[in-house]
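Chemist: What follows is a single structure, and I will ask about it in a moment.
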Amino acid sequence: GVCVKEYRNGELLSITRRDFQFNVAKCDPTVVADIKEDEMVNQQGQQLFVVNACGNYVEFTNQSFQAQFINAYRWEFDINGITKTINDWNAAVEFPAPGVYFGELILNPGTSCGDTAHIQVNVFPSIASDFEFAYDTCVAGPVSFTDLSATGAGPNAIVNWEWDFGDGIFSAGKDPEHSYHLPGNIPVKLRVEDVNGCMATKTRMVPYFPVPQFLVVAPSEYIGCQPASIFFNNLSFPVDSNYTTNWNFGDGTTGIGISPTHIYENVGVFDVSLEIISPLGCQIDTIWPGLITVLPSPVAGFSFSPPRPSNLEPTVQFSDESVGAVKWKWRFGSSGTSVEQNPVFTFPDTGIQVIQQVVFHESGCPDTALQLIDVIPEVRYYLPNAFTPNGDGVNDFFGGTGMMEGATNFTLSIWNRYGEKLFETADPFERWNGRKNSTGNLAPQGVYVVQVYFKNPRGELIHVKGFATLIK
């Protein structure tokens, strides 16, 4: 019980006694009612979950704790004196009009282990974003945007505009203008906000495909040699792959594409024209008279003799076979040059040589011909067929002669008719004296087989077979 005594100026005026009954229940764990709110406020000692809504239809999200211990739940909203009850975990309510409404989320109703979230709903008028745009579809110029957004909060209640023009540029104006640098179907987005903080967004596609105000290509003038390969760089703006581009190159051929490459095979002066048609049907065309001048070119060509020069025959005669040339320049690998029409050149070394002939027409236009010449490193080895090892100082030894520079893996062997090897050497110029292993008695008179093997400077195996007739 509770006893209350009231005093005034030190005198006892009254005594009041009351009896209370407290029922204590064990709730472990304790559930906590919670919802997704915009803010929390304290009103007369009570915590309020404040939900701000733009439009009459409002959705509420239940975020209560210890959901596994919540056995029942109920939403209650006071709508003009009528209680609307919802028994779902989340709630959605259609309020009749903008205004302030109150409600509750009750967990485990009718038990000692429950909790209640008190809710204040601020329903603001709805807002809708919209806009229109206008521009000259055939001229590359600015696009005008007009805001058509509306809000039930009243006239002039929209206070913020955020435009995204789809090309990385933004604006905060109400009715802006914007100039695009590239064509295309461009998504433009407008987000608006009213005095209540309500926002809405609208996206529209702007088909921006004007034709250029004038056409520009590079080169603006060309003088070159036949054949002329020219890249026409279309600098006109705006143009992309959605446009139709028709080229006339003036030599009886046409082409398409924004920036094509064309080869002029013939000599002459050529007009070039370009037509551009936008996806919306707008058209512009231009002709450039005498834009391309193609000058005559010579045709390089030559032959040479002998066809297989070598270190034994290194001098080569070159014969000019070009057409329309008045000037010549020759390069003989890294070994030398010449400006003669039909030069003669002696190669100082063997190997593959790149021969370059550059010829010039009287117009100054050049042409180049390249050929490879293989200056062969030849190795030659000769064997005699008889010798007389009698000690008279004349033809006493048997051995080969020749040009063996660059040869490797050389072996020379001499065999009798019984298959017995009598002599062997790795020196191309060592000679046999007619004796076995060059010592002992002189071999019998007769014919002996000579086998020679070596590799030439390019690694090819060479086999030479001969006979040595020993005469006493």
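The values are calculated or read from the model by the stated rules, or taken from the named source; none is laboratory data. Since the model is a prediction, treat every value here as computed from it, not as a measurement. Using ideal geometry, Cβ is built from the backbone for each residue, glycine included, and neighbour counts are taken over all protein chains shown.
Chemist: Is it true that some residue in segment 283-295 is modelled with pLDDT of 95 or more and not in a strand (DSSP E or B)?
Modeler: no
Chemist: Taking segment 213-236 only, how many residues are crowded, with 17+ Cβ neighbours inside 10 Å and within 29 Å of the chain's Cα centre (by Cα)?
Modeler: The qualifying residues number 5.
Chemist: Val195 - would you say it is in contact with a strand residue (DSSP E or B) (Cβ under 8 Å, 6 or more places away or on another chain) and either modelled with pLDDT under 95 or at positive phi (or both)? I'd like the intermediate steps shown before the answer.
Modeler: Numbers: in contact with a strand residue (DSSP E or B) (Cβ under 8 Å, 6 or more places away or on another chain): yes; either modelled with pLDDT under 95 or at positive phi (or both): no.
The answer is no for Val195.
Chemist: Pairs only if they're at least six apart or on different chains, beta carbon under 9 angstrom, first in segment 299-322 and without any contact (Cβ under 8 Å) to a residue 40 or more places away in the chain and surrounded by fewer than 16 Cβ atoms within 10 Å (Cβ to Cβ), second in a strand (DSSP E or B) and of a type in the set (Asp, Glu); list them, first residue then second.
Modeler: Between residues of segment 299-322 that are without any contact (Cβ under 8 Å) to a residue 40 or more places away in the chain and surrounded by fewer than 16 Cβ atoms within 10 Å (Cβ to Cβ) and residues that are in a strand (DSSP E or B) and of a type in the set (Asp, Glu), the close pairs are Ser303/Asp320.
Chemist: While we're looking at this one, here's another question. Which of the strands (runs of 3 or more DSSP E) contained wholly in segment 309-410 include at least 1 residues that are under 30 Å from Ser297 (Cα atoms) and at pLDDT 95 or above? Even if it seems obvious, please write down each step before you answer.
Modeler: Details: elements: 315-320, 327-332, 336-338, 344-346, 351-360, 366-375, 380-382, 401-403.
Hits in segment 309-410: 315-320, 327-332, 336-338, 344-346, 351-360, 366-375.
Chemist: Let me ask another. Could you say which residue among Ser273, Ser303 is among the small types (Gly, Ala, Ser), closer than 30 Å to Val375 by Cα and in a strand (DSSP E or B)?
Modeler: Working: Ser273 fails: closer than 30 Å to Val375 by Cα.
Result: Ser303 is the single residue among Ser273, Ser303 that is among the small types (Gly, Ala, Ser), closer than 30 Å to Val375 by Cα and in a strand (DSSP E or B).
Chemist: Here is a further query. Of all residues in segment 411-423, which are in a strand (DSSP E or B) and either within 17 Å of Thr469 (Cβ to Cβ) or not charged (D, E, K, R) (or both)? Can you show your working first?
Modeler: Step one: filter segment 411-423 for residues in a strand (DSSP E or B), giving 411-415, 421-423.
If the condition is that a residue be in a strand (DSSP E or B) and either within 17 Å of Thr469 (Cβ to Cβ) or not charged (D, E, K, R) (or both), then Thr411, Leu412, Ser413, Ile414, Trp415, Leu422, Phe423 are the ones that fit.
Chemist: Could I ask something else about it? What pairs come out if I take residues in segment 389-418 that are closer than 28 Å to Ser310 by Cβ and in contact (Cβ under 8 Å) with a residue 12 or more places away in the chain and pair them with residues that are assigned to a loop (DSSP other than H, G, I, E, B) and of a type in the set (Val, Ile, Thr) whose C-beta lies under 7 Å away, six or more apart or interchain?
Modeler: Correct list of pairs: Met403/Val379; Met404/Val379; Gly406/Val379; Ala407/Val379.
Chemist: On to the next question. Can you name the strands (runs of 3 or more DSSP E) wholly within segment 2-121 that have at least 2 residues being closer than 30 Å to Met199 by Cβ and not acidic (Asp, Glu)?
Modeler: 39-43, 46-54, 57-60, 73-79, 82-86, 91-94, 99-107
Chemist: For segment 86-107, enumerate the residues that are farther than 25 Å from Gln44 by Cβ, over 56 Å from the mean Cα position of the chain (by Cα) and either at pLDDT below 95 or loosely packed, with under 15 Cβ neighbours inside 10 Å (or both).
Modeler: Of everything in segment 86-107, those that are farther than 25 Å from Gln44 by Cβ, over 56 Å from the mean Cα position of the chain (by Cα) and either at pLDDT below 95 or loosely packed, with under 15 Cβ neighbours inside 10 Å (or both) turn out to be Asn87, Pro96, Ala97.
Chemist: Here's another thing I want to ask about it. For a quick check of your reading of the model, give me the residue pairs whose first member lies in segment 183-201 and is closer than 18 Å to Val143 by Cα and without any contact (Cβ under 8 Å) to a residue 40 or more places away in the chain, whose second is among the polar types (S, T, N, Q) and not in a loop (DSSP other than H, G, I, E, B), with beta-carbon atoms closer than 7 Å and at least 6 apart or on different chains.
Modeler: Pro187/Thr203; Lys189/Thr201; Lys189/Thr203
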